[in-house]
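The values are calculated or read from the model by the stated rules, or taken from the named source; none is laboratory data. Here the structure is a predicted model, which is why all the values come from computation and not from measurement. All Cβ positions, glycine included, derive from the backbone under ideal geometry; neighbour counts span all protein chains shown.
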């Protein structure tokens, strides 16, 4: 049980930062391109309480983490935040600008992963500090969480960000039919998750991204 408590303490801050930056980035870029929906609802904020879903951000991830930690010895996380409202019809060029609004979330996660890599670097540089080990462990968790969120959200499945990016890039007629998948997207994602197909698809990309980041920053930990 001590391992579970320690794991929650290490992962809590990176998870909160990851979802907050991801959602706020969508709203900020949407505002930049002409949609003030998120701004008017106070969702362009770094206040985590604006984006936390009690079930998807707290209950489901914590339950999965505790159960997986106690049963298989490795923490497993899956969850979601409250989506930032975006009215794509308000964008100056809806189909074109949708690409940048959707890409903002994964882009924010990439920046956060780079930030946590620097935290690890800083922790390694001060080995005698009592903060060194927590910084390194939290940095590792931060990279893992943000890379997973980035890769998962880049999947070309509406309503994930990758699905919205695909709708933006596809020709109008194909994009219209492809967007019809969105009401079933979350159910499809759950089927892919529990069937093991999702892991088979995304884990090689997640591993490759983490290896590249570790190599770039010289983090041999």
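At a glance:
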{"read-out": "Any hit, segment 122-138, residues being without any contact (Cβ under 8 Å) to a residue 12 or more places away in the chain, in a helix (DSSP H, G or I) and loosely packed, with under 11 Cβ neighbours inside 10 Å", "value": "yes"}
{"read-out": "Residues satisfying the stated conditions in segment 87-107, i.e. in contact with a helix residue (DSSP H, G or I) (Cβ under 6 Å, 6 or more places away or on another chain), over 19 Å from residue 150 (Cα atoms) and crowded, with 17+ Cβ neighbours inside 10 Å", "value": "88, 91"}
{"read-out": "Among the candidates 160, 170, 192, residue that is closer than 24 Å to residue 17 by Cβ and out of contact with any strand residue (DSSP E or B) (no Cβ under 7 Å at 6 or more places or on another chain)", "value": "160"}
{"read-out": "Residues within segment 66-105 that are assigned to a loop (DSSP other than H, G, I, E, B) and either at pLDDT 70 or above or over 16 Å from the mean Cα position of the chain (by Cα) (or both), tallied", "value": "15"}
{"read-out": "Lone unmet requirement of (1) modelled with pLDDT under 75; (2) surrounded by 14 or more Cβ atoms within 10 Å (Cβ to Cβ); (3) assigned to a helix (DSSP H, G or I); (4) within 21 Å of the chain's Cα centre (by Cα) for residue 4", "value": "(4)"}
{"read-out": "In segment 139-165, residue nearest to residue 118 (Cα to Cα) [restricted to those that are over 11 Å from the mean Cα position of the chain (by Cα) and outside any helix (DSSP H, G or I)]", "value": "155"}
{"read-out": "Among (1) in a loop (DSSP other than H, G, I, E, B); (2) loosely packed, with under 15 Cβ neighbours inside 10 Å; (3) under 14 Å from the mean Cα position of the chain (by Cα) - the single one residue 111 does not satisfy", "value": "(1)"}
{"read-out": "Subset tally (residues that are buried (at least 22 other Cβ atoms within 10 Å of the Cβ) and farther than 18 Å from residue 114 by Cβ) for segment 12-54", "value": "9"}
{"read-out": "Flag for residue 198 being touching a helix residue (DSSP H, G or I) at 6+ places or on another chain (Cβ under 6 Å) and assigned to a loop (DSSP other than H, G, I, E, B)", "value": "no"}
{"read-out": "Residue 22 vs. criteria modelled with pLDDT of 90 or more and within 28 Å of residue 196 (Cα to Cα)", "value": "yes"}
{"read-out": "Residues that are within 15 Å of residue 104 (Cα to Cα) and either under 20 Å from the mean Cα position of the chain (by Cα) or assigned to a helix (DSSP H, G or I) (or both), drawn from segment 29-45", "value": "29, 30, 31, 32, 38, 43, 44, 45"}
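Yes or no, residue by residue, for (1) modelled with pLDDT of 85 or more; (2) farther than 19 Å from residue 149 by Cα; (3) in a helix (DSSP H, G or I); (4) over 18 Å from the mean Cα position of the chain (by Cα):
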site	(1), (2), (3), (4)
184	yes, yes, yes, yes
188	yes, no, yes, yes
191	yes, no, yes, yes
202	yes, no, yes, no
205	yes, no, yes, no
